[in-house]
Every structure is written in structure tokens, then in C-alpha cells.
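K.L.:
Shown below is the structure under consideration.
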Amino acid sequence: MFKVALIVKRFRAFLYNYFGYMQPSIEIAYPVQISPEAKIGSYTYIGQGSFVGYTNIGRYCSIGPNVSIGLGEHDMSRISTSSIFYSHPKEVLLKRRTEIGNDVWIGANAVIRQGVKIGTGAVVGANSFVNTDVKDFEVVAGSPAKKIKDRLPKELQLEILASSWWKNPPSVAGDILRELEQARNRK
């Protein structure tokens, strides 16, 4: 176990020091593949076997194992879909950046297509295929993913968004979350 933890720490340090696109407080299980074009916010966890492509991921996200986010997509309008025939494969395959908001939970084995936007506080069910945008605090699941419900009442959603708790380190964010929970329980 100690060896694995050391390897993970070294891998994270390598990514952070050489690419600069990753905050040092991110947890990444091994093995995970992350594109150099990806940007990952602090306090985010990415589960084992996941692939992160041309994507921005917010802070405090929980991404389950074997999740694929924002991977390249071949141009189906061409005679051949093989990228060997593209003069600039990266430009063709990576046209649109995927956006994952803050405090998003993505369940195991989910696939998030390139260019999709997932709002803050949203939940994507396990084994889902997300090919359209997901609004703040929506819970979606299925293939293709459909809205199941809103995670929280609209009034509380607005309070949470106004608090922007995710912009803070865990000690401050925790205090803000406790205040929000107390206010919710008083109602």
C-alpha cells in the first residue's frame, strides 16, 4: 500500500510540476489518463480507470471509476473517420471543451461527451451516457441521460450558488456548508 501511495504522489507531483494544470490537493486513483489540455480544480477526486480529455473540471468534484469525460470525437461527415487521414488530428478530434461545474458527482462508468456542460451540484448516475447539457443541481441517469429530478429545492440551490462555498479551502467551505445545513433545518 505504501508503494502505491508513493507512486500516486510522485505522479501527481509530476503532473503539477511539469504541466501546471492540476492543483496539488487533487486525489487521482491509479491508473487514470488525463490529457494535458485538461484543467482540474482543487479537492477533486478522480476514480481508477478514468479518462479525462479536453475538459475543465471544477472544485470538490467526485468522479467515480472508469468514467470517460470529453474525449476526442471523429468527424463522421468525412469519407473516412480514421484520424490518420486528418492533417491536424488534434484540431479535428478536440473541437469543443467539456465543462464540469463545482461539487459535481459523476457515478462509475459514465461517459460525458465532448462539449457537454454539467452544472454545479449536479449528479450523473452510474453507467450514464451524457450527450446534452446538465443544469445546476440536476440529477440525470440513463443512456442517453435524462433528468430524474432536481437534487435540492430551487430556493436552496440559489442560496448555495450565492455562497460560492467551493471557492474556499475545506476548513472555510465546511463552515459555510454547516451554516447552509442549519438554515435548511430551521425551515
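K.L.:
Any idea how far apart SER87 and PHE129 come out in nm if each label point goes 7 Å out from Cα toward Cβ?
P.N.:
My value for the distance between the label points is 3.3 nm.
K.L.:
Tell me, what ³J(HN,Hα) does each residue in segment 104-121 have, in order and in whole Hz, if you take phi through Karplus 6.51 cos²θ - 1.76 cosθ + 1.60 with θ = phi - 60° and put x for Gly and Pro?
P.N.:
Karplus values, whole Hz, x for Gly and Pro: 9, 10, 10, x, 4, 6, 6, 10, 10, 5, 4, x, 6, 10, 10, x, 4, x.
K.L.:
Can I ask one more? Which value in nm describes the separation of the simple spin-label points at ILE176 and SER163, placed 7 Å from the Cα toward the beta carbon?
P.N.:
Placing both labels 7 Å along Cα→Cβ, they lie 0.8 nm apart.
K.L.:
Taking a cut-off of 18 Å between Cα atoms, list the aspartates and glutamates near LYS135, but don't count ones fewer than 8 places away on the same chain.
P.N.:
GLU99, ASP103, ASP150, GLU155, GLU159
All of the numbers you see were taken from the coordinates with simple rules; none came from a lab. Since the model is a prediction, treat every value here as computed from it, not as a measurement. Cβ sites come from the backbone with ideal geometry, for glycine too, and all protein chains shown count toward neighbours.
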